[in-house]
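*Asks:* Structure below; questions to follow.
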Amino acid sequence: MGKVTCDIGISVDGFVAGPNQRLDEPLGDGAERLHRWMFEQPEANAEAIEKITAAGAFIMGRNMFASGRGDWDLDWTGWWGDEPPYHAPVFVLTHYERAPVPMKAPSEARPLNGGGRGLEDGGTTFNFVTDGIESAMARAQEAAGDADVAVAGGAQTVNQYLAAGLMDELRLHVAPIVLGAGERLFEDVGDLALEQVAVSHTDLVTHVTYRVAS
């Protein structure tokens, strides 16, 4: 079994999304600046970018998958178009049942990162989990095999896994901006024991990796 990891962009005042999240601004007001480094400095940050989608399975909250609440709009298949970047099973936490949504696969299969269960088709399938974070974790770990499971976000989901002691490695990507309001990381997570194990930076971001003690 691999590690449970999380990569998440964060402002210097602790927010991972801005206020007023909506369909045309899914990250909220001003929060697209958290991710400038990925698009403006991809070569300088290549290692960090690669790690974000290198897991064998992913977990995310409903707000990361869709902007709505309540019953599903069955025409909605995420923010990422026909070929999302995950190329692995994704488990979406929700209170509303929905059948799995398989997405387009690339033309070539790839090995599962870290071993996993051998070759998979490279496509993303969104699976919807209504019975809590532990169930989502168990399903993700089974799907990932020997590979890592990544908790992709958003803030509430990451905070729940931190509070439950179900995170092994937290990789923060700190942008030099102040959002002032929005979705804050580390709300109600208790007294975490974090050990810094790596740090690197450019002018647009500081990457800090923490080992989360159990």
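The values are calculated or read from the model by the stated rules, or taken from the named source; none is laboratory data. In this text, all values refer to a predicted model and were calculated from it rather than measured experimentally. Don't worry about glycine lacking a Cβ; one is built from the backbone with ideal geometry, like all the others, and counts go over all protein chains shown.
*Asks:* Between residues in the stretch 22-33 that are more than 12 Å from residue 63 (Cα to Cα) and residues that are of a type in the set (Val, Ile, Thr) and at pLDDT 90 or above, which pairs lie under 7 Å by C-beta distance while being six or more apart or on different chains?
*Replies:* 33/177
*Asks:* Then there is this: Let me confirm something: among 2, 30, 9, 81, which residue is in contact with a helix residue (DSSP H, G or I) (Cβ under 9 Å, 6 or more places away or on another chain), of a type outside the set (A, V, I, L, M, F, W, C) and modelled with pLDDT under 95?
*Replies:* Only one candidate qualifies: 2.
*Asks:* Kindly list the number of the only condition in (1) under 16 Å from the mean Cα position of the chain (by Cα); (2) in contact (Cβ under 8 Å) with a residue 40 or more places away in the chain that fails for residue 66.
*Replies:* (2)
*Asks:* If I go through the stretch 163-214 residue by residue, how many of them are in contact (Cβ under 8 Å) with a residue 60 or more places away in the chain, closer than 22 Å to residue 59 by Cβ and of a type outside the set (Gly, Ala, Ser)?
*Replies:* Residues in the stretch 163-214 being in contact (Cβ under 8 Å) with a residue 60 or more places away in the chain, closer than 22 Å to residue 59 by Cβ and of a type outside the set (Gly, Ala, Ser): 13 in total.
*Asks:* Residue 14 passes all but one of (1) within 13 Å of residue 183 (Cα to Cα); (2) in contact with a Pro (Cβ under 9 Å, 6 or more places away or on another chain); which number fails?
*Replies:* So residue 14 meets the others, but not (2).
*Asks:* Would you mind telling me which numbered condition in (1) buried (at least 22 other Cβ atoms within 10 Å of the Cβ); (2) among the β-branched types (Val, Ile, Thr); (3) closer than 20 Å to residue 29 by Cα residue 158 fails?
*Replies:* Failing condition for residue 158: (3).
*Asks:* Residue under question is residue 89, and the condition is that it be buried (at least 20 other Cβ atoms within 10 Å of the Cβ), at pLDDT 95 or above and within 15 Å of residue 65 (Cα to Cα); does it hold?
*Replies:* It is true that residue 89 is buried (at least 20 other Cβ atoms within 10 Å of the Cβ), at pLDDT 95 or above and within 15 Å of residue 65 (Cα to Cα).
*Asks:* Any idea which residue in the stretch 6-63 is surrounded by the most Cβ atoms within 10 Å (Cβ to Cβ), counting only those that are of a type in the set (Phe, Trp, Tyr) and assigned to a strand (DSSP E or B)?
*Replies:* So the residue we want is 58.
*Asks:* Okay, next question. Restrict the check to the stretch 194-202 and report whether at least one residue is surrounded by 13 or more Cβ atoms within 10 Å (Cβ to Cβ), acidic (Asp, Glu) and in contact with a Lys or Arg (Cβ under 7 Å, 6 or more places away or on another chain).
*Replies:* No, because not a single residue in the stretch 194-202 is surrounded by 13 or more Cβ atoms within 10 Å (Cβ to Cβ), acidic (Asp, Glu) and in contact with a Lys or Arg (Cβ under 7 Å, 6 or more places away or on another chain).
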